[in-house]
1. Relative contact order (percent) for the chain, with alpha-carbon contacts under 8 angstrom and 6 or more residues of separation?
2. In a shell of Cβ-Cβ distance under 15 Å around GLY41, excluding GLY41 itself, what net charge do Lys and Arg (+1) and Asp and Glu (-1) give?
3. Dipole of the chain (Lys/Arg Cβ +1, Asp/Glu Cβ -1, origin at the Cα centre): which of SER4, GLN72, PRO18 lies farthest to the positive side?
4. Hey, got a sec? Which trypsin sites (Lys or Arg not before Pro) in the range 35-93 land in a DSSP loop and have at most 15 other Cβ atoms within 10 Å?
5. Largest first, what is the accessible-area ranking of CYS9, CYS70 with a 1.4 Å probe?
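The values are calculated or read from the model by the stated rules, or taken from the named source; none is laboratory data. Computed from a predicted structure; not experimentally measured. Cβ placement follows ideal geometry from the backbone for every residue including glycine, while neighbour counts extend to all protein chains displayed. When the accessible area is computed, the model is the full protein with side chains, heavy atoms only, and any ligands, DNA or RNA have been set aside. Shrake-Rupley method; radii C 1.70, N 1.55, O 1.52, S 1.80 Å.
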Amino acid sequence: MTQSLPQRCQFQWNSFDPIGVSDWADDWDPHRDDEYQTYVGTTVKLLKSGADQHKLKAFVRNCVYVSMGCRQADDMDARIDAFVTALLSLRRS
């Protein structure tokens, strides 16, 4: 069975895991898989609307640095770039 776009976006957010939920949450923790649910709806809307790499990256950077309060760093910027590339690939699959 093929996963829906929202399910695939949720999986990508969980894999990206910018605040490290998987580092501290146990497998049984109900918040482990829904920590990034807040961002999935907008991610899906952006992908469906044809948003380009720059618009997606601006959205993700805002989520990570403003909403989540992560410290800006080169390694996070590289992770964001890879995450945006993964999100864009969802549109093609």
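1. Numbers: 55 pairs, mean separation 35.0, N = 93.
Relative contact order of the chain: 38 percent.
2. Numbers: positive: ARG8, LYS45, LYS48; negative: ASP34, GLU35.
Spelling it out: positives minus negatives among the neighbours equals +1.
3. It is SER4, whose Cα lies furthest towards the positive end.
4. Working: sites: LYS45, LYS48, LYS55, LYS57, ARG61, ARG71, ARG79, ARG91, ARG92; in loops: ARG71.
Loop-located and lightly packed - ARG71.
5. Working: CYS9 0, CYS70 25 Å².
Result, largest first: CYS70, CYS9.
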